[in-house]
Amino acid sequence: MIEHQLFQSVPAFRTYSETLHRSTSNAPQFIDLTDEVSDILDRSGITNGIVVIFSQHTTAAIKINESEPELLKDMALFLSEIAPIEREYHHNNFNIRTVNMEPDECPNAHAHCQHLLLSASENVPVVAGRMVLGRWQRVFLIELDRPKSRQVTIQVIGI
């Protein structure tokens, strides 16, 4: 009987999802999604849980970092040094590559390699209806390839 009463007092677990559509203009490009994710969190009505920000792409990442212009330049330089666009890559050799080819395929192995250091998603705790981010933390979509249409799914999970 007591277990049943405790169970009834627990609020219902819910999920809420939206997909953002963005057109990027260059690479690397850091697009701050923090305010839009916060708006989606508000619309969800979920006050405690987690928000997942997920890029539906292998050449566009999601990361949390500081939105300071000189730091963004440093991060772009770091990515270009780790996997430079002008390097020779097997993925870019369309004479031998035969899978996952599109009619407008372009050489973009550098973007895939850069993505290895980043990630497709970030998870942020939600407490009292707000994302728990540090003072300078912002949520970024990072374009690594070229101007493209991108989709980012935001899913809020909680009570």
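Quick look at the values:
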{"quantity": "Residue check, Ala76 out of contact with any Ser or Thr (no Cβ under 8 Å at 6 or more places or on another chain), surrounded by 15 or more Cβ atoms within 10 Å (Cβ to Cβ) and modelled with pLDDT of 95 or more", "calculated": "yes"}
{"quantity": "Residue within the stretch 66-73 that is modelled with pLDDT of 95 or more, among the polar types (S, T, N, Q) and either within 17 Å of Thr19 (Cα to Cα) or crowded, with 16+ Cβ neighbours inside 10 Å (or both) present", "calculated": "no"}
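The values are calculated or read from the model by the stated rules, or taken from the named source; none is laboratory data. Everything quoted here is computed from the prediction, not taken from an experiment. As a convention, Cβ positions derive from the backbone with ideal geometry for all residues, glycine included, and neighbour counts pool all protein chains shown.
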